[in-house]
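The values are calculated or read from the model by the stated rules, or taken from the named source; none is laboratory data. Computed from a predicted model, the values in this text were never measured in an experiment. Backbone-built Cβ (ideal geometry, glycine too); neighbour counts: all protein chains shown.
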Amino acid sequence: MSNLNDLTIIIVTYKTKDEILFNCINSIKKEIKIINVENSNNISHKNKIEKKYSNVKVILSGENLGYGSANNLGLKNAKTRYVLISNPDVEHNKDFFDEINFYLKGDTEFSIIGPSYNDEKTHSSYGSLDGSTIAKEFDKFFLKEVGYVIGCSMLLDTKNIKTNSYFDENFFLYFEEADLCRRVKTKGGKVFCSSKLFITHLGNKGSTSTDPKYEIESEMMRSWHWMWSTFFYHKKHSSYLNAFSLMYGKLVRAFFKMIIFSLFYNKKKQKMYYARFSGLFNAMIGKKSFYRVKLLE
């Protein structure tokens, strides 16, 4: 018996290349409901996708909301108990949606399940929240409990997520999934990785920022938000002083490297370290995550 009618997939895009998004959607069974949240007001994207795929509903956010806020918008519009968060640069194995039925029957209690990567030996799809070692063995349900799973693919049982909100919208990019997993576990929820579900994650291919002509701007955006989000995450779940002690050395190094590469006329690296310094500095003084790349808007 198939339980896929109780599953909705949310795919957040931002001017994503058609080929990347099509490959993702084509790896999903056609009877599954899909919500594509496009972080723009691109009506031609909506018309094109909804014409090509009868099971896809496109929601235009009107602006670039980032990962967490856009997924929250999708979750508000999902009517099913189970929701699979998927990046557009994810391709699901052929048996993925046959195997996912195993977890949609209601026999296995979980809050969040993350799949395994096909190249798991190279890249890990999960991690620990406190630096502890995670058991290598999976249980009889092909699951092992982890601290967090990577946000490119997360199966949520909304019935078992006891929180007022899903993703913290203070984050624009990075750490949203670790924050959600931590809050879920604090409320007694269970976060697992599955050895039954497999995906290929291309990585950083989900938006127009992959265009070579935006290489420097996109790298600056990633650097800025990585530093901002790292500080904010540690401040939120520990204290300002702990976050400061963890990140102060990175602030100093970013500042001096920014000066050094400026003196040596290495414009690219000077901009990278400026972005790191700026992101971390603004987090330390309590500024919101404001940095956006104008060229990509």
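So the values come out like this:
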| quantity | calculated |
| --- | --- |
| Residues of region 76-129 satisfying the condition of being β-branched (V, I, T) and in contact with a His (Cβ under 6 Å, 6 or more places away or on another chain) | V90 |
| Selection from region 1-34 of residues that are crowded, with 23+ Cβ neighbours inside 10 Å, over 18 Å from F96 (Cβ atoms) and of a type outside the set (S, T, Y) | V12 |
| Residue check for F102: in contact (Cβ under 8 Å) with a residue 60 or more places away in the chain and crowded, with 17+ Cβ neighbours inside 10 Å | no |
| Sole residue being more than 20 Å from L173 (Cα to Cα) and touching a residue at least 12 places away in the same chain (Cβ under 8 Å), chosen from F281, F264, F255 | F255 |
| L60 buried (at least 19 other Cβ atoms within 10 Å of the Cβ) and under 28 Å from D179 (Cβ atoms) | no |
| Out of I28, I11, I20, I35, sole residue that is among the β-branched types (V, I, T), part of a loop (DSSP other than H, G, I, E, B) and under 16 Å from Y53 (Cβ atoms) | I28 |
| Selection within region 191-219 - modelled with pLDDT under 95 and crowded, with 22+ Cβ neighbours inside 10 Å | G206, S207 |
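Conditions (1) modelled with pLDDT under 95; (2) in contact with a helix residue (DSSP H, G or I) (Cβ under 8 Å, 6 or more places away or on another chain); (3) surrounded by fewer than 19 Cβ atoms within 10 Å (Cβ to Cβ), marked per residue:
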{"site": "S223", "(1), (2), (3)": "no, yes, no"}
{"site": "W226", "(1), (2), (3)": "no, yes, yes"}
{"site": "H237", "(1), (2), (3)": "no, yes, yes"}
{"site": "N242", "(1), (2), (3)": "no, yes, yes"}
{"site": "G249", "(1), (2), (3)": "no, no, yes"}
{"site": "A254", "(1), (2), (3)": "no, yes, no"}
{"site": "I259", "(1), (2), (3)": "no, no, yes"}
{"site": "F264", "(1), (2), (3)": "yes, no, yes"}
{"site": "Y273", "(1), (2), (3)": "no, yes, no"}
